Amino acid sequence: METPTLTRSDEPTSARPASRHAAHARELEELLAAVAALARELVAREHDPADPALRDPVALAGRLDLALGAEGLETGAVLARLKAVLEATPSTSSWRFVNQLFGGREPVATAAEMLAVVQNVSMYTFKAAGAEILVERELLRHMAELAGFAGGEGCFTPGGSLANLVALLLARNAAAPDAREAGAPGGRLAVYTSEEGHYSISKSAGIVGFGRRQVRQIAVRADGGMDPDALARALAADRAAGLVPALVNATAGTTVRGAFDPIRLLAELAHAAGAWLHVDGALGGSLVLSPAHRHRLDGLELADSFAWNPHKMMGVPLQCSVLLVARRGALGGSLDESADYLFQADDDELNPGHRSIQCGRRNDALKLWAAWLRLGDRGYEARIERQLGLARLAAAKIAADPALELAELPASINVCFEVRGRSSEAICERLDREGTLKIGHGVVAGRRTLRLVCVNPDLDEGDLDAILAEIQRAGRALPPGDNRVGAAS
Ligand code: ABU
């Protein structure tokens, strides 16, 4: 067979690799310098109102040069297009962004994330990812201990929905040990979550084979936590009908109200019925770091699994989410596969690919580890206290203002309220179109409220005043509206 030649085979053997690698390194170095300058520019302007023209997807697509073509561009041209896209992207660290359950940033986590990308490992084996596997292992150990799962195990997942999905899979296999091989016994197993729990429970029930119809939406009490009596009734009814209760999901921090289910009571009911108890702490799981507020998760140590998103209250860049499991071996029992081209060295314990739903998996550990090194448990405790304090302060301001109506005292970092006589939905829409504020809405006790999320600890009292002033200004510009669910707004 003829020896194939590379295009630059005329270079001396010793010079060829060095020159190609050196050219690559030079290009990266120049790009990194440009990236640092661009990041500085973006951060300097991140609190400016957005250009309303950017909110129109059709106009935006026309304005940006997004087309891919056959010929490559010079890096300068690539950078110019990156800049144009970034400048047209919402700034989630701005005080003007209170729309989602994440916002703001821990600077050291952002820096570590950028470095993780330079190394670009895949987190399936120690052979491929080296020290990063040890970093991830230390995080899982520390987080499991904080949750009361010492000696348990865990895996990083691409978001809370996927953490919940893995929990449902483990629960399905615990309730129906043959399901992994033979398929799920459709219609025979049941899942329980509160009517205010996250939609990923229902979605996951559809994916792992419980069936969405098998999900019982349990009523909540006035405080937004699941009503244990209603759960007990649902469990009893299903058992009487010959169904097998497989999983009870307790939410620690509901999506709209930030409310907490009574975990200890739900754990007792779940276990008495033979069901797996999962805690979806995607939002409120971080309260395990707060001795003053840990009681909101009382009973967590009785759970079988726990989803926790550091990309929410811990300020780590998206995405960073963990599923912790009380019993070591459960993840491998449901997710392990053999792959002799991949798992070739080291103990299984050092090869997390045996315990992950993914094969290739990005490194979400380094940024969290860097932030935790910087803040320590105590720094995180103070961060959480500040977030909760901001929510209490916002609630007090709203309660004191006759033009506003507070729906309830905040259960954690979400503050739900209305502008009296004005549609919450129309206010959100107007502010978003203007580019002045991103805030969402949700239903509390049959009324559509504004949901102000106090997740960014860099907010201060002046920011809260500015946010409430923008909301009131938008309300005054709108005609009267009705927030009763079902009423025309
Ligand atoms: N689980 C993601 C929730 C998104 C949000 O309401 O901000």
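Tabulated values for the structure
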read-out: Test: residue in the stretch 98-116 that is closer than 30 Å to residue 470 by Cβ, under 26 Å from the mean Cα position of the chain (by Cα), in a helix (DSSP H, G or I) and touching a residue at least 60 places away in the same chain (Cβ under 8 Å); value: yes
read-out: Any hit, the stretch 202-219, residues being basic (Lys, Arg), more than 27 Å from the chain's Cα centre (by Cα) and modelled with pLDDT of 95 or more; value: no
read-out: Candidates 140, 189, filtered to the one that is in contact with a Phe, Trp or Tyr (Cβ under 9 Å, 6 or more places away or on another chain) and over 30 Å from residue 340 (Cα atoms); value: 189
read-out: Scan of the stretch 345-366 for residues that are part of a loop (DSSP other than H, G, I, E, B), open to solvent by 70 Å² or more (accessible area, probe 1.4 Å) and in contact with a helix residue (DSSP H, G or I) (Cβ under 7 Å, 6 or more places away or on another chain), ordered by number; value: 346, 357, 359
read-out: From 258, 242, residue being touching a Ser or Thr at 6+ places or on another chain (Cβ under 8 Å), part of a loop (DSSP other than H, G, I, E, B) and on the phi > 0 side of the Ramachandran plot; value: 258
read-out: So residue 180, is it touching a Gly at 6+ places or on another chain (Cβ under 7 Å), at pLDDT 95 or above and part of a helix (DSSP H, G or I); value: no
read-out: Residue in the stretch 94-106 that is away from the ligand (no atom under 16 Å from the Cβ) and surrounded by fewer than 17 Cβ atoms within 10 Å (Cβ to Cβ) present; value: no
read-out: Tally of residues being surrounded by 14 or more Cβ atoms within 10 Å (Cβ to Cβ) and within 24 Å of residue 439 (Cα to Cα) across the stretch 75-90; value: 3
read-out: From 279, 288, 316, 322, residue being part of a loop (DSSP other than H, G, I, E, B), open to solvent by less than 30 Å² (accessible area, probe 1.4 Å) and closer than 19 Å to residue 155 by Cα; value: 316
read-out: Test result for residue 231, more than 18 Å from residue 267 (Cα to Cα), in a helix (DSSP H, G or I), in the same structural domain as residue 264 (by TED's automatic domain parsing) and open to solvent by less than 60 Å² (accessible area, probe 1.4 Å); value: no
read-out: Matching option when the condition is touching a helix residue (DSSP H, G or I) at 6+ places or on another chain (Cβ under 6 Å), away from the ligand (no atom under 16 Å from the Cβ) and not hydrophobic (A, V, I, L, M, F, W, C), among 183, 225, 187, 152; value: 152
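The values are calculated or read from the model by the stated rules, or taken from the named source; none is laboratory data. Only a predicted model underlies this, so the values are computations on that prediction, with no experimental measurement involved. Note that each Cβ is placed from the backbone with ideal geometry, even for glycine, and that neighbours are counted across all protein chains shown. Heavy atoms of the whole protein, side chains included, go into the accessibility calculation; ligands, DNA and RNA do not. Shrake-Rupley method; radii C 1.70, N 1.55, O 1.52, S 1.80 Å.
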